[in-house]
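Below is one structure; the comments refer to it alone.
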Ligand code: GRF
C-alpha cells in the first residue's frame with residue numbers, strides 16, 4: 001500500500017477537504033494532507049487547514065497577475081511540501097498550463113454529477129443539480145476523474161449513484177450528493193493507495 005502525499009486546492013467551504021483530512025487522521029486512508037492552497041483568502045477551507053495545523057496558502061492572480069507567475073508560485077509550494085497527488089475539491093479557478101504539465105496524471109477532481117452528464121464550463125454548484133432536476137434524470141451522483149486541460153474532462157476513475165426522488169429540490173439533492181461525495185473521494189483515494197486504481 002502506497003502512502004499518498006496529498007495537496008488540496010479548494011476555494012470555499014472545504015467539506016470534501018475535511019472528509020479527506022478526517023480519513024487520514026483516523027487511519028481509513030494511508031495518506032497525509034501536506035498542504036492546502038486556495039485562491040480565496042477568506043475561504044472556510046483555509047481556516048479548516050489552519051485548525052488542523054496543515055500549511056495553508058492563499059495563492060491567486062491578486063498576488064500574481066500573470067498565470068505563469070502564479071503557476072511557478074504554486075509549484076514551488078507543492079514541491080516544498082512534497083506533494084505527489086493534487087486533489088481538487090471545489091477549486092473554482094482553471095489550472096495553468098505549467099501546473100498541468102508538472103503534475104500530469106497526478107491531479108484528480110470531484111464533480112457533483114454522473115459525468116459526462118452535466119459537466120463542462122459553467123456547470124458547478126447548484127447549477128448542476130438544477131440541470132439534473134430540469135432534465136428529469138432519475139439518477140444522479142458524483143464522479144472522481146483525472147484532470148486534463150478542459151473543465152470536467154479526463155478519465156473517469158470512480159462514480160457513485162443516488163436516485164433522484166420526485167420530492168427532491170435543488171437543496172435536498174445537493175445535500176445528498178455532497179454526502180456521497182465525501183465517501184466517494186475517500187474511497188477512491190484509498191483505492192489509489194492500494195493500487196486498485198492506476199492514474
Ligand atoms: C463539491 O460539490 C464538489 O463536487 C464541487 O464543488 C463542491 C465543493 O464543496 N467541485 P466543498 O468545498 O468540498 O464543501
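Values in this text are rule-based calculations from the coordinates and carry no lab data. None of the values given here were measured: they were computed from a predicted structure. We place every Cβ from the backbone using ideal geometry, glycine too, and count neighbours over all the protein chains shown.
Things to note:
- Look at the alpha carbon pairs under 8 Å that are at least 6 residues apart: their mean separation over the length of the chain gives a relative contact order of 21 percent.
- Per-residue Cβ neighbour rank within 10 angstrom, fewest leading, 71, 137: 137, 71
- Percent antiparallel among DSSP beta bridges (both partners in the chain, rounded to 5): 40
- Separation in nanometres of the label points that stand 7 Å from Cα toward Cβ, at residue 30 and residue 62: 4.0
- Paramagnetic reach from residue 51 in the stretch 13-40 [backbone N under 11 Å; point 7 Å along Cα→Cβ]: 14-15, 18-19
- Relative to the dominant Cα principal axis of the chain, helix 67-80 is inclined by about 80°.
- Every Cα-Cα pair of the chain was included, and the share exceeding 28 Å stands at 23 percent.
- Sequence ranges 31-44, 153-166, ranked by mean other-Cβ count within 10 angstrom, highest first: 31-44, 153-166
- Residues of the stretch 86-128 falling in the label zone of residue 72, defined by backbone nitrogen less than 19 Å from a point 7 Å along Cα to beta-carbon, are 95-103.
- Structural descriptor for the stretch 1-104: relative contact order 35 percent, calculated from alpha carbon pairs under 8 angstrom and at least 6 residues apart.
- Distance between modelled label sites at residue 134 and residue 13, nm, 7 Å Cα→Cβ extension: 2.1
- Degrees, to the nearest 10: 15-25 long Cα axis against longest axis of the chain: 60
- Using a Förster distance of 25 Å, the FRET efficiency for residue 80-residue 126 (Cβ separation, nearest 0.05): 0.10
- Taking 179, 171, 130 in turn, the Gaussian network model of the chain (Cα-Cα springs below 10 Å) assigns the largest fluctuation to 171.
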